[in-house]
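Peer 1: Below is the structure I would like to discuss, written out as structure tokens.
The values are calculated or read from the model by the stated rules, or taken from the named source; none is laboratory data. None of the values given here were measured: they were computed from a predicted structure. With ideal geometry, Cβ positions are generated from the backbone for all residues, glycine too; neighbour counts draw on all protein chains shown. SASA here: full protein model, heavy atoms, side chains in, ligands and nucleic acids out. Shrake-Rupley method; radii C 1.70, N 1.55, O 1.52, S 1.80 Å.
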Amino acid sequence: MMDYLVRAISDKINVIGLASVTTCLVDEARRLHGTSPTASAALGRALTGGLLMGALLKRGQRVALKFEGQGPLKKIIVEADNDGTARGFVAAPEVEVPFKDEKLNVSGALGNKGLLTVIKDLGLKEPYQGVVKFLTGEIAEDIAYYFAESEQIPSAMGLGVFVDSAGRVSAAGGFLIQSLPPTEERTLNRIIENIHQIPPVTELLRQGKMPEDILAMIFSGMTYHFLGKRDLYLRCTCHREQIEKVLISLGLAELQSVIDEQGQTDVTCEFCRTRYHFNKEELEELRREITSGGELSGG
Ligand SMILES: [Zn+2]
């Protein structure tokens, strides 16, 4: 089964709904980063939330989410774009905390106090940035709170990741509902009521429900139509030239000490764990770029 996202809009009022299944990409992230069950749930929720937010952007735009909590997991960073790809990592993937109410305790790992920073690259000169305090540290509520506080868009979000007894992710997905002006109070209340009545996302997915079914339940009692569907992937944007720039940004003295003390170096991408190796000749080439004022020597 493929991961995908669907978008729908209600006919009478301006309520947009998005729902997704992300089981494959969240399990891929789990394998890539070797995350504990709770860290898998935290990263999976953030990736799914990021992809739902990315689907609201225009082509070429990107969104980055940074959750910094006081818990042992410390930090989750996720980036997503409009074409359905995301990447992310947690600062302490091995961290595990006891269950809470027989469930994975994401806020216990991340912390129920902390900051969510949302950075949107909309292709303008300066990226847009909004910061809110955690509402719960459970990810979905925090993103909904960000929308309400920073963008003044009433939103509801549900995110879920189910980790099986072997530690694998066997269900992941979520939904995002946004009310755009003009708001029709009565219909909006109906949607909120519907959301409160539906079971958790992971339960729905494990029952075999698809994103279309989830939106049908949320829009129950009103007419709506689907706007589109897109596949979702875990994909990193890193490449060797980018890593070279990072090494160059260390500066001459620092790079020289790497050459003198190590003779070579490996740089690992935090998002995808790809290791980039640089031998002595390659490091010396980068050093030459610094001394020539950042211009390529042309050989
Ligand atoms: Zn990467």
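Peer 1: Using Cα atoms only, what is the angle between the long axis of helix 240-249 and the major principal axis of the chain, expressed in degrees (0 to 90) to the nearest 10?
Peer 2: 60 degrees
Peer 1: Could you tell me how many degrees, from 0 to 90 and to the nearest 10, lie between the Cα long axis of helix 252-261 and the main elongation axis, the longest principal axis, of the Cα atoms of the chain?
Peer 2: In the chain, helix 252-261 runs at an angle near 70 degrees to the longest axis.
Peer 1: With springs only between Cα atoms under 10 Å, which of Met217, Met53, Met157 fluctuates most in a Gaussian network model of the chain?
Peer 2: The residue that fluctuates most here is Met217.
Peer 1: Hey, rough spin-label estimate for Leu122 and His196, points 7 angstrom out along Cα→Cβ, what's it come to in nanometres?
Peer 2: Taking the simple label geometry, Leu122 and His196 are separated by 3.3 nm.
Peer 1: How large, in percent, is the carbon and sulfur part of the accessible surface of the range 123-230 at a probe radius of 1.4 Å?
Peer 2: It is 51 percent, rounded to a whole number.
Peer 1: Now for a separate question. Highest GNM mean-square fluctuation, the chain, Cα pairs closer than 10 Å: which of Gly84, Gly263, Gly174?
Peer 2: Highest fluctuation among the options: Gly263.
Peer 1: Counting heavy atoms of the protein chains only and a 1.4 Å probe, report the per residue accessible area for the chain as a whole number of Å².
Peer 2: For the chain, the per-residue accessible area is 50 Å².
Peer 1: Sort by residue number and report every cysteine in the chain with no other cysteine beta carbon within a distance under 4.7 Å.
Peer 2: Cys24
Peer 1: Further, regarding this structure: Please tell me the relative contact order of the chain in percent, rounded to the nearest whole number, where contacts are Cα pairs under 8 Å and at least six residues apart.
Peer 2: Once divided by the residue count of the chain, the mean separation gives 22 percent.
Peer 1: State the Cα centre-to-centre distance between the range 163-235 and the range 63-137 in whole Å.
Peer 2: Each part's Cα centre sits 21 Å from the other's.
Peer 1: Quick one: what are the phi-derived ³J(HN,Hα) couplings along the range 185-193, Karplus 6.51/-1.76/1.60 with θ = phi - 60°, whole Hz, x for glycine and proline?
Peer 2: So the Karplus estimates, Gly and Pro as x, are 3, 5, 5, 4, 4, 4, 5, 4, 4 Hz.
Peer 1: A further question on this structure: Counting helices only, and only those DSSP H runs with n ≥ 4, report the 222 nm mean residue ellipticity of the chain as the sum of -39,500 (n - 2.57) divided by its residues, in deg cm²/dmol to the nearest 500.
Peer 2: Calculated at 222 nm, the ellipticity per residue is -10500 deg cm²/dmol.
Peer 1: Follow-up question, since we're still on this one. Straight distance only, please: which lysines reach the Cα of Lys74 with their own Cα at less than 25 Å, same-chain residues fewer than 8 apart left out?
Peer 2: Lys66, Lys100, Lys103, Lys113, Lys120, Lys133
Peer 1: Starting at the first residue of the range 78-86, write each ³J(HN,Hα) from the Karplus equation 6.51 cos²θ - 1.76 cosθ + 1.60 with θ = phi - 60°, in whole Hz, x for Gly and Pro.
Peer 2: After applying 6.51 cos²θ - 1.76 cosθ + 1.60, I find 9, 10, 9, 10, 6, 8, x, 10, 9 Hz.
Peer 1: Suppose a student asked you for the relative contact order of the range 151-299, using Cα pairs under 8 Å spaced at least 6 residues apart; what percent would you report?
Peer 2: That works out to 14 percent.
Peer 1: Taking θ = phi - 60°, what integer Hz values does the Karplus form 6.51 cos²θ - 1.76 cosθ + 1.60 yield along the range 23-32, in sequence order, with x for Gly and Pro?
Peer 2: Computed from phi, the couplings for the range 23-32 are 3, 5, 6, 6, 5, 5, 5, 4, 5, 4 Hz.
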